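Here, each number is a calculation from the coordinates, and none is a lab measurement. Source: prediction; values computed, not measured. Note that each Cβ is placed from the backbone with ideal geometry, even for glycine, and that neighbours are counted across all protein chains shown.
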Amino acid sequence: MATIIVDNKSYTVDERQNLLAACLGHGLNVPYFCWHPAMGSVGACRQCAVKQFKDDRDQSGRLVMSCMTPATNGTRISIDDPEAKAFRASVIEWLMVNHPHDCPVCDEGGECHLQDMTVMTGHVYRRYRFPKRTHRNQSLGPFIRHEMNRCIQCYRCIRFYRDYAGGRDLNVFGSHDALYFGREQDGTLENEFSGNLVEVCPTGVFTDKTFFHHYTRKWDLQSAQSICPHCSLGCNTTVSERYGIVRRIANRFNSQVNGYFLCDRGRFGYEYVNSDKRIKRALVRPERDRAKPAKPEGVPQVLEMAGDRLRHARGIIGIGSPRASLEANVALRSLVGPQRFFQGVDEQEHQLISTILSILRTGPVPSASIRDAEQSDAVFVLGADLLNDASRLALALLQSIRQQPMERVDELKIPRWDEAAVRNAVQDRRGPLFIAGYQHTWFHEYATDTYFAAPDDIARLGFAVAGTIGQGAPSVPDLTGEVRELAQRIGDALTHAERPLIIAGTGSGSQATIEAAANVAWALHHQGKQPRLSFVLPECNSAGLALLGGGSLNGAFESIRRGQADTVIVLENDLYRRADQAKVDAFLDTAQTVIVIDSLEHPTAAHADVLLPAATYSESDGTLVNQEGRAQRFYQVFVPDGDVTESWRWLRDLARAKSQEVDGLTGVATWGNLDDAVSATAAAAPELARIGEVAPSARFRVVGQKVPRQSDRCSGRTSLISHLTVHEPPPPVDPDSPLGFTMEGYRGPLPSPLISQFWAPGWNSIQAVNKYQDEVGGPLRDEMPGVRLIEPVGTKAPHWFTAMPRAFQPSSREWLLLPLPAVFGGEELSNQSPAIAERISPPFLSLHPSDGARLNLEDHITIDLALQGTTYRLAVHLESSTPVGTAGISLVPELSGMRAPAWVDLFEAIQTERTRRVA
Amino acid sequence: MERPLTQHIHPDGTTRTLREYVKEGGYRCLERLAAGLAPKDVQRLVTEAGLRGRGGGGFRTGTKWSFVPMGPDAPKPKYIVANGDEMEPGTFKDRVLMEGDPHGLVEGMILAGYAIDAEIGYIFLRGEYHLSAQRLNQAIAEAYAEGYLGKPLPGTGFRFDLHLHASAGRYICGEETALINALEGKRAVPRAKPPFPQTVGLWGQPTIVQNVETLYNLPHIINHGADWYHRLSRTQDGGTKIYGISGRVTNPGWWELPLGITARELLERHARGMADGVRFRGLLPGGISTAFMTEEHLDLPMDFSSIPPEIGRLGTGTMIILDDQTCPVGFVLNLEKFFARESCGWCTPCREGLPWVAKLLTSFEAGRATSDDLSLLEMHAKWLAPGHTFCGLAPGAMAPLQSALKYFHDDFERHITSGGCPWSRKSAQRRILV
């Protein structure tokens, strides 16, 4: 630690920081633009100038850029120095030379960092009297709006997009005062993290296009803390709403999970909440005839009817959901009983996740947070397509490959925050990242080595790597020389690292890759390394559901088929995404009564005898467990209209309707608010015991007050319904959380799960996160980053996995159909958001060119694929990265019912235009 | 008077051939290397000779080299880069050398590479110097054929490769770190220092960027020694300098003269005074990023040590003369337009400040300026100072402006009071239009 003197006051700071970060960390206001806590300093904007003095006798001093000056011990600076202040005001004056004064109509207005910094420096009077330069704006696709005239040339956008996120299609063109930040020509921004430009840009050049489509002023938004439901990583978000419409998603800083950045699926996938396909009314089918449509009915009548059916049922089973909250699943489990509660995932997924849980529970290697992944110094990915399946993790790995080259940076005594110098010193040097998979993405270009093979071969490579690391891990006997050498290289790289990370996932459906990953990690552990494991799971609460326990969907099908039950309650689950259509049809047809609780229309909901409209993430509270095993709470943003309510409340009401008694209620029927649900969840499984520690309970108050969801400046509340009445109605009551649907309440330091919007006086943009951290870029003050539910207990590896698959053998007639996850299109909820839908690629079948030749298929022709009882029209992609003998199938909505992996006779299944004509 | 750099350059503009070059003593110092002159000896000789960078900065070459990590543990490869991006308006000294005597640069590069143990060299050449490029390419090819390049030098084991790179053309490429970025294929934006190129330079490796004229001095220092080199000069720094004069003088041109000659001697003896009918008002001593000097400064020795910093600096030593028939405001406007256009756009004060200055000066010339504009010009001259901006371009741009505001303040005032440029014949007419 070092002591620096700022305006004659001493501060203790970390000498590895620069002066700007040190000052901000102590709550001192120094304006800045080009510096970013996650992207370091480049010294471009010159906004953070302060006066530095040689010693206490130096009266004149000199201006330095605080972001480019290390906070060495004894540094003496002044922020308030008149010359420094005047210079900073001049920098704003220069930036304003060409900045349009369009704040009143600018989407950034109200949370514009440029506005904040302008006010902070005190620049008020325009002296430039010449014409401004103007630019033509570009159309950048469905996510981002472009307004180049507002640009202040801080270079943050391309530094994020290119240097941090690996994007290629955004750049800076031109020079002097005619710089252009955009694409070479109009077109959709390709990078999966483009949405972060909205927050990275200090002004309104890059703004959220989805927000623009239903724009409302920022300070009129009602916001709450949420957890992204669109993949298994559990990124923290802030969801904002007005007039019952969810308006946008913003990043919510969590030092252990998403840090400052989200992926585009997470940021722009929210619009399913506003979808026309939302189920808004409770529906019942009065007749038992499924051919007749279900009709809307009053909630009491629906519940009465449902209760009647439940009372007369010969056994009720419940099908839970990996995309529903823990509390909702526990409610269902309580209603039907643990023996009749099924997880609502297919047998294969059930098996894979059980294996993963057992590896994390019994093995000595802990799971990795995204933060851990960023810090890891060697990475081996086995089979998981991170860019498409867990994008934010891929972004973390793009940072992890900078870890090893940092040794050189340290040797050269370049401070790590000195970003430009670091990049100049590092150049193209990258730390080890090995990717084994079967779908090529641009992310592979950052890999030290790649290996494209069928899952069995990927697993064999993994086992072989574990074998080369040794420590008792079994080796693979019959490898080709090439793979043996690759395994040796990977093994060497991992053993030379200190914090290696091994990643696998459920995406390929391969048990063996998961087991191989465990062997590698365990071998490294025995070698004295500190390895971490990361398993990508299918959905946002896959881990939580697995912790809760329960059989797979097959069990549910069996119990109906055998007549052990005749009534089924389906919780937030479209079974047609999880099993063959024929099977699900049979299951639903056999069941006497099907009760579905969900938020969006889907084929399963169409079969419901009783359909109950469930609240989405933005309309309910609950707990999710991410792939790391971290439990996190999401909060209701607004009170939905219609009959929509939380799934757990529907289940409680069903339980009450079923029992028909007023006294003597048990289980879920007794739940009053979310606290009851959380307590019941904590008791539902030993590993869930700490669920209550995830966030403060509904009773939490600060000086007797709740925490407002609306901003201090929320305007016009009294006039919202003035055309109906001039009396202001009381705000809705929130019995479930310490938050209120109002603008009144406590504003001040809060436990981090309760911070919905980062705001501080003078800091209206998301840059205000600085004000919530003791050390800029570090954890939030009193951060509660969620509770990790699974930590390693033993230090000894359990028995090594030895079930090594045989080398993959292509078959003469059949191809192994492999699922290809898609960042846009591969997830059920976000698919319903128009902006995401625009980015979904048409369905395709990917084949190795030699297989294409065997099948007599040309690249990019359209085929019909008859599979599992359905015919799909899709394009053929011939890719040399697709392993011979396999066929990749993109998991876009059109193909969501397809089951993979599976062996398929493509000669029979494929019909081309030609064969169709012949027929 | 000895002129080691230029004595053999053909007055007719043709180039010196390899045969001539070798016959007249070229590449002879390589034999001295073979005879046991170690890299550290070369460094010591250059340090003792007091060679200072001829690109305008005047940084001591020996000192610059001393920062390069040496020895077996030093990072490899290391690079030596010749800065031939001679884009300073009014400056053409490197061109004279490269066109007239291309092998001198090749030999200088080999020596500099040897001194810092850099096995790869690049000549970063101004894009418009087609003739230089042609002649250098030929010289490099000849040097390869003769084994000066691409093969271990006899008796040393040192092997040097040299490449010519023609710039895509930006003034900022003359700034050594922007030059490095350009050479790497990146935007020609300067880099923050530290780290200096000596440790983290081209492709992250130790690199020395050296002006062309500086490199031409090296063979002579090695051949004749430090004492001889000091005797060439009239001042404490060693060697000769190529001086030049452009503007309305009787005999504009360039001359290799002892370092430390006075401006008056240059102007009156070598340029033979002002042209008929015009009088001297001031001069920019070396390129347009140096401050004006006036009559009172003419007796200052033109070297790197004798000009007080509050007056200015030598720069490249190729002067531009301002006469009394030329409007100093228009003169400065022309410079500032150039600077505004050549700003790389990286830092705010330079990118936004310089175009503003150019627009203000334009309004002076157009008769639309007010006294507020004068204070705006002064504001920029004050703020666009070293350390405030990312590199030296904007402070350099302010040197002529600030000194013009000092020496020709009345002329700026006259533009305001008379509603136009007193030098312009059209000014009366323009006033009516306004």
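Which value, in nm² and rounded to one decimal, describes the direction-averaged projected area of the C-alpha convex hull of segment A:656-815? List each step's numbers first, then the result.
Numbers: hull surface 89.4 nm².
Orientation-averaged projected area of the Cα hull: 22.4 nm².
Using the Cα centre of the protein assembly as shown as origin and beta-carbon charges of +1 (Lys, Arg) and -1 (Asp, Glu), tell me which of A:Ser391, A:Tyr260, A:Thr203 is placed farthest towards the positive end of the dipole.
Result: A:Thr203, furthest along the dipole toward the positive end.
Within straight cross-link reach of A:Lys292, meaning Cα distance under 23 Å, which lysines are found once same-chain residues fewer than 8 apart are removed?
Cross-link targets: A:Lys277, A:Lys280, A:Lys583.
If one computes the Cα centroid of segment B:194-221 and of segment A:446-467, what distance in Å separates the two points?
46
What is the spin-label model distance, in nm, from B:Met70 to A:Gln348 if the labels are put 7 Å beyond Cα along the C-beta direction?
According to this spin-label approximation, the distance is 6.7 nm.
Expressed in nm to one decimal, what extension gain is obtained for the pair A:Ala853 and A:Glu304 from 0.36 nm per residue of sequence separation less their Cα-Cα distance? Mind showing how you got there, number by number?
On the way: separation 549, 0.36 × 549 = 197.64 nm, distance 6.18 nm.
Result: 191.5 nm gained on full extension.
What shape does segment B:47-154 have by the C-alpha gyration tensor, where a ≥ b ≥ c are the square roots of the eigenvalues, rounded means a/c under 1.5, and otherwise prolate means a/b greater than b/c and oblate the rest?
Working: a/c = 2.05, a/b = 1.18, b/c = 1.73.
Taking the square roots of the gyration eigenvalues as a ≥ b ≥ c, segment B:47-154 is oblate.
Tell me, in nm to one decimal, what length is gained between A:Gln530 and A:Gln339 on full extension, where the rule is 0.36 nm per residue of separation less the Cα-Cα distance? Write out the running numbers ahead of the final one.
Details: separation 191, 0.36 × 191 = 68.76 nm, distance 3.94 nm.
That works out to 64.8 nm of additional length.
Kindly identify segment A:248-378 as rounded, prolate or oblate by the Cα gyration tensor criterion: order the square roots of the eigenvalues as a ≥ b ≥ c, call it rounded if a/c is under 1.5, otherwise compare a/b with b/c, prolate if a/b is larger, else oblate. Working shown, then result.
Working: a/c = 3.14, a/b = 1.62, b/c = 1.94.
Oblate, since a/c reaches 1.5 and b/c is not below a/b.
Using 0.36 nm per residue, how much length does the chain from A:Lys54 to A:Lys295 gain when fully extended, once their Cα-Cα distance is taken away?
Details: separation 241, 0.36 × 241 = 86.76 nm, distance 8.02 nm.
The span from A:Lys54 to A:Lys295 would gain 78.7 nm if fully extended.
Pop the C-beta distance of A:Val119 and A:Asp428 into the FRET formula with R0 = 56 Å and round what comes out to the nearest 0.05. Before the final figure, lay out the partial values.
Numbers: r = 42 Å, r/R0 = 0.75.
Once rounded, the FRET efficiency stands at 0.85.
Given 10 Å bins starting at zero, what is the percent of C-alpha pairs of segment B:18-231 in each, up to the one with the largest pair distance?
9, 37, 40, 14, 1
Using only Cα atoms, locate the centre of segment B:252-275 and the centre of segment A:316-367, then give the distance between them in Å, rounded to an integer.
91
If you take all C-alpha pairs in the protein assembly as shown, what percent of them are over 50 Å apart?
Here the tail beyond 50 Å accounts for 42 percent of pairs.
Assuming R0 = 30 Å, what is the FRET efficiency of A:Ala689 and A:Val733, from their Cβ-Cβ distance, to the nearest 0.05?
On the way: r = 30 Å, r/R0 = 0.99.
That pair, A:Ala689 with A:Val733, gives E of 0.50.
Counting Lys and Arg as +1 and Asp and Glu as -1, each charge on the Cβ, what is the dipole of segment B:18-231 about the Cα centre in debye, to the nearest 20? Each step should come with its number before you reach the end.
On the way: 24 positive and 24 negative charges, 84 e Å.
Computed charge dipole of segment B:18-231: roughly 400 debye.
What are the semi-axes of the equivalent ellipsoid for segment A:2-96, taken as the square roots of 5 times the Cα gyration tensor eigenvalues, largest first, in whole Å?
Working: eigenvalues 78, 57, 20 Å².
In descending order the semi-axes read 20, 17, 10 Å.
Scale the Cα Rg of chain B by the rule-of-thumb value 2.2 N^0.38 Å and send over the ratio, two decimals.
1.02
Rounded to whole Hz and in sequence order, give me ³J(HN,Hα) for segment B:352-361 from the Karplus expression 6.51 cos²θ - 1.76 cosθ + 1.60, θ = phi - 60°, writing x for Gly and Pro.
9, x, 5, x, 5, 4, 5, 5, 5, 5
Round to a whole angstrom and tell me the spacing of the C-alpha centers of segment A:105-175 and segment A:830-861.
The two parts, judged by their Cα centres, are 36 Å apart.
So if I average 1/r over every pair of distinct C-alpha atoms in segment B:328-393 and take the inverse, what Kirkwood radius in Å does that give?
Numbers: mean 1/r = 0.0835 Å⁻¹.
Final number for the Kirkwood radius of segment B:328-393 is 12.0 Å.
Going by the alpha-carbon gyration tensor, a ≥ b ≥ c the square roots of its eigenvalues, is segment A:614-698 rounded (a/c under 1.5) or, if a/c is not under 1.5, prolate (a/b greater than b/c) versus oblate? Intermediate results must be reported in sequence, preceding the final value.
Numbers: a/c = 2.29, a/b = 1.24, b/c = 1.85.
It is oblate, given that a/c is not under 1.5 and a/b is not larger than b/c.
Sorted from fewest to most neighbouring beta carbons within 10 Å, what does the list A:Cys228, A:Cys106, A:Cys23 look like?
Details: A:Cys228 32, A:Cys106 18, A:Cys23 26.
Result, fewest neighbours first: A:Cys106, A:Cys23, A:Cys228.
Name the aspartates and glutamates eligible as straight-distance cross-link partners of A:Lys54: C-alpha to C-alpha under 16 Å, and not fewer than 8 places from it in the same chain.
Output for A:Lys54: A:Asp7, A:Asp81.
Once both labels are modelled 7 Å past Cα along the beta-carbon direction, what's the B:Glu265-A:Ser697 spacing in nm?
9.4
May I ask for the Rg/Rh ratio of segment A:350-537, computed from Cα atoms with Rh as the Kirkwood radius, given to two decimals? Write down the numbers at each step before the final one.
Working: Rg = 15.9 Å, Rh = 16.4 Å.
Radius of gyration over Kirkwood radius for segment A:350-537 works out to 0.97.
What residue among A:Gly786, A:Leu857, A:Ala586 has its Cα farthest toward the positive end of the dipole of chain A, where the charges are +1 on Lys, Arg and -1 on Asp, Glu, each on the Cβ?
In chain A, that residue is A:Gly786.
Under 5 Å between amide H atoms, partner at least 5 residues away or on a different chain: which partners does A:Ala887 have, H built in plane at 1.01 Å?
A:Leu816, A:Leu817, A:Leu818
Add -39500 (n - 2.57) for each DSSP H run of 4 or more in the protein assembly as shown, then divide by its residues: what number comes out at 222 nm, to the nearest 500 deg cm²/dmol? Spell out each step's value before the answer.
Numbers: 42 runs with 415 residues, N = 1353.
-9000 deg cm²/dmol, from helical runs alone.
Let me know the charge dipole size of the protein assembly as shown about its Cα centre in debye, to the nearest 20, where only the beta-carbon of Lys, Arg (+1) and Asp, Glu (-1) is charged.
Numbers: 142 positive and 155 negative charges, 345 e Å.
It works out to roughly 1660 debye.
Could you put B:Met293, B:Met1, B:Met319, B:Met70 in order, starting from the residue whose Cβ has the fewest other Cβ atoms within 10 Å? Provide the component values of the computation, followed by the final result.
On the way: B:Met293 22, B:Met1 9, B:Met319 28, B:Met70 16.
Fewest to most other Cβ atoms nearby, the residues stand as B:Met1, B:Met70, B:Met293, B:Met319.
Which stretch or stretches of segment A:723-761 have amide N atoms under 16 Å from the point lying 7 Å from A:Arg713's Cα along the Cα→Cβ direction?
The answer is A:743, A:757-761.
What are the lysines whose alpha-carbon lies under 18 Å from the alpha-carbon of B:Lys93, with same-chain residues fewer than 8 places away excluded?
Of all the lysines, those that pass the test against B:Lys93 - Cα under 18 Å, at least 8 places apart if same chain - are B:Lys241.
Have a look at B:Leu162, B:Ala141, B:Gly100 and report the one farthest towards the positive end of the charge dipole of segment B:18-231, computed about the Cα centre with Cβ charges (Lys/Arg +1, Asp/Glu -1).
About the Cα centre, the residue reaching furthest to the positive side is B:Leu162.
I need the calculated FRET efficiency for the pair A:Arg806 and A:Lys9, taking r as the beta carbon distance and R₀ as 51 Å, to the nearest 0.05.
Working: r = 70 Å, r/R0 = 1.38.
The formula returns an efficiency of 0.15 here.
Relative to the Cα centre, what is the charge dipole magnitude of segment A:350-537, using +1 at the beta carbon of each Lys and Arg, -1 at the beta carbon of each Asp and Glu, and rounding to the nearest 20 debye? Could you put the intermediate results ahead of the total?
Details: 16 positive and 21 negative charges, 91 e Å.
Dipole size: approximately 440 debye.
Would you mind ranking A:Met39, A:Met65 by Cβ crowding within 10 Å, fewest neighbours first? List each step's numbers first, then the result.
Details: A:Met39 19, A:Met65 28.
If I rank by nearby Cβ atoms, fewest first, I get A:Met39, A:Met65.
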